[in-house]
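The values are calculated or read from the model by the stated rules, or taken from the named source; none is laboratory data. Everything numeric here is computed off the predicted structure, so don't read it as measured data. Backbone-built Cβ (ideal geometry, glycine too); neighbour counts: all protein chains shown. Protein only, heavy atoms only, side chains kept; ligands, DNA and RNA dropped before computing areas. Shrake-Rupley method; radii C 1.70, N 1.55, O 1.52, S 1.80 Å.
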Amino acid sequence: MIDFELSDTQAKVWEHARSFAAKHLAAAHTVYQNLPTPQARFSAIRPLYQEAVKVGLIQALVPAEYNGLGYGLVDMALLTEELYTADASVALTILATGLGLSPLLIGGTEVQKRRYLSPFTDRKGMPLASLVHSEPGGTANYGRTGLRTTARKVENGWVVNGEKLWATNCAGWDDRGADIQCVTCRCEDAPYATADAKGQTMILLVTRDDIAANPPDAYAVVSHPETIGHRAVSGPHIRFRNFVAKEAIAMPGTGAEVIEAAFTASAALVGAMAVALMRRCCEMTLQFAKSDTRNGSEPIINKQSVADLLIKMKMRCEAGRALTWKACSSLDRLPEAAEIAYLAKIFCSENAVQCVIEGMNAVGIQAYQAKSQYGVLLNDVVCLPIFDGGNVGVRRRQIEAIFKSAGYDPLVSTFGSKL
């Protein structure tokens, strides 16, 4: 039986996230919006992140067997929607730590997990994690050409050279690195150097202790790019120069598979991010339409053109949420569900952009004022189709490859291979 009613556990997750968002994130933008630099804005959200740590939102990202709260993907979708509706920047910083831990959880050894996950479960400090994958030249085609960041084996670890860009949280709070960085590299050593690009891909573990043990110029933050949205998020340009990393999480031949698994789960959660911004836009627009007459004799919601826009916005939001929940539920059960996750990412992110435009059309020229917050919404939402694997260069190509596979059955991703 298909049931969209939340379980008791899911209801508690939703209530906890909703309470935290209302208490700490509803006015978060006032803390950072007028600060002049990306570093200053990111630093300003530290107390909010610390509160998230204290109430267990970071612990929720870790499985129960490692002292985490063990949120499943549906739980994470509920958490994501509530946090992102209230403040996209703080929410993305929290969620990026979850993505940063994913390679360790998927590919790490038991020893590595028990050693490195504990700071993320004790509800102290402000631990950050980062999946360090994207590069200045882009990574949509890395499967063909390979990553430009290289690694070669030496006696005491791996020497890393290369540059990364857009990896959320990777520089840490002080530009000396996140607590954990999972860094994707191309192995230059034989026999991997002659393998295809995916066969060369590996993942190294870089900690703050590793950075401190290297020469000062071995790890450097080159710049903090200004972005039009997610204004308090840190996605810097960093450089490794003869940097020695001590441990590997995934060796060549397995690294690409671990990265793909991490970004498949995150695709579904981008769906939840998009739903959150659609929901916020719907709520803002509905409130305006029910209270403003635009100098007429009645609230503009009584105009069919406005009501029709609101109806389309609400449909996009509800359809996106259903697809996102479907993706999250399926990924927990079906190996074939990656297709649904990719569909959720594309559908929700692109509909979110359209939803904000419809909201602005309903409100009219007043939506163009900064105080209306539609500009903030639009700047945040336009990122969703192009990050976490761009819809054109990555996500649609992943679905295309699935469609082309031998024996592809369109119903398998919906019902499972046992149908």
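The alpha carbons of the stretch 60-192 give a radius of gyration and a Dmax of 16.1, 50 Å, in that order.
Here's the list of aspartates and glutamates a cross-link from LYS290 could span, going by alpha-carbon distance under 18 Å and ignoring same-chain residues fewer than 8 apart: GLU298, ASP308, GLU358. Straight-line reach from LYS23: taking Cα to Cα under 16 Å and skipping same-chain neighbours fewer than 8 places apart, the lysines in range are LYS54. Each helix, a run of at least 4 DSSP H residues, gives -39500 (n - 2.57); summed and divided by the residues of the chain, these come to -15000 deg cm²/dmol at 222 nm. For the stretch 209-257, the equivalent ellipsoid derived from the Cα gyration tensor has semi-axes of 25, 19, 9 Å, listed largest first.
For a test of the definition: using alpha carbon positions, the gyration tensor, and the 1.5 limit on a/c, classify the stretch 8-120 as rounded, prolate or oblate. Oblate shape, in that a/c is at least 1.5 and b/c is the bigger or equal ratio. For the stretch 37-146, the solvent-accessible area works out to 34 Å² per residue, with a probe of 1.4 Å and every protein chain left in place. The residues of the stretch 256-415 expose, per residue, 46 Å² of accessible area to a 1.4 Å probe.
Atom-type composition of the exposed protein surface of the chain places 54 percent of the accessible area on carbon and sulfur (1.4 angstrom probe). For LYS12, a cut-off of 12 angstrom between C-alpha atoms picks up these aspartates and glutamates, skipping any fewer than 8 places away in its own chain: ASP75.
Report the residues of the stretch 22-60 in range of a label on ASP175: point 7 Å along Cα→C-beta, backbone N strictly under 11 Å from it. Counting only backbone N, you get 39-40. The string of couplings for the stretch 379-396 from the Karplus curve (6.51, -1.76, 1.60, θ = phi - 60°) is 5, 6, 6, 5, 6, 4, x, 10, 9, 6, x, x, 4, 7, x, 10, 5, 5 Hz, one whole number per residue in order, with x for Gly and Pro.
A dipole drawn for the chain from +1 and -1 charges on Cβ atoms has a positive end, and of MET278, ILE211, ASN34 the residue lying farthest that way is ASN34. Using a cut-off of 30 Å between Cα atoms, the listed pairs LYS124/LYS345; LYS164/LYS314; LYS312/LYS345 include LYS124/LYS345; LYS164/LYS314 as exceeding that distance.
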